[in-house]
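In what follows, a structure is listed as structure tokens, so that the remarks can point back to it.
The values are calculated or read from the model by the stated rules, or taken from the named source; none is laboratory data. Predicted model only: the values in this text are computed from it and were never measured. We place every Cβ from the backbone using ideal geometry, glycine too, and count neighbours over all the protein chains shown.
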Amino acid sequence: MTPILLAIACLTFVTLGYGGLCAASPFGNCRKCHGMGHKLKADRKGRLKRGKDCRRCHATGKRIRVGRWLYNRFARIYRAGTPTPKG
């Protein structure tokens, strides 16, 4: 197999795998708080305690994946541009 065909096959496999992941699990852990919903702080004795709520995920610990966000955007644009059937 030529290297170009091998690269295309690998990219196709990765793309289909990510599409399947976005379909099966549209939400992933927040990258800022690592899915906890808040930051961890240490008190003066070094013990960990709960910090402020995460501003990126609004303390849910989850975020929408990029692929699912793109799918939702395209579906919304398609629905807005397609007339509803009369009947």
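A compact table of results
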{"read-out": "Enumeration of residues in the range 50-83 that are surrounded by 14 or more Cβ atoms within 10 Å (Cβ to Cβ), among the hydroxyl-bearing types (Ser, Thr, Tyr) and in a helix (DSSP H, G or I)", "value": "Tyr71"}
{"read-out": "Residue satisfying condition, being part of a strand (DSSP E or B) and closer than 24 Å to Trp69 by Cβ, within set Gly28, Gly17", "value": "Gly28"}
{"read-out": "Where a residue in the range 10-32 is over 14 Å from Cys57 (Cβ atoms) and its partner, wherever it lies, is exposed (fewer than 10 other Cβ atoms within 10 Å of the Cβ), with Cβ under 8 Å and at least six apart", "value": "none"}
{"read-out": "Residue in the range 54-71 that is more than 23 Å from Ala23 (Cα to Cα), of a type in the set (Lys, Arg) and modelled with pLDDT of 90 or more present", "value": "yes"}
{"read-out": "Hits in the range 68-81 (condition: under 23 Å from Gly37 (Cβ atoms) and touching a residue at least 12 places away in the same chain (Cβ under 8 Å))", "value": "Arg68"}
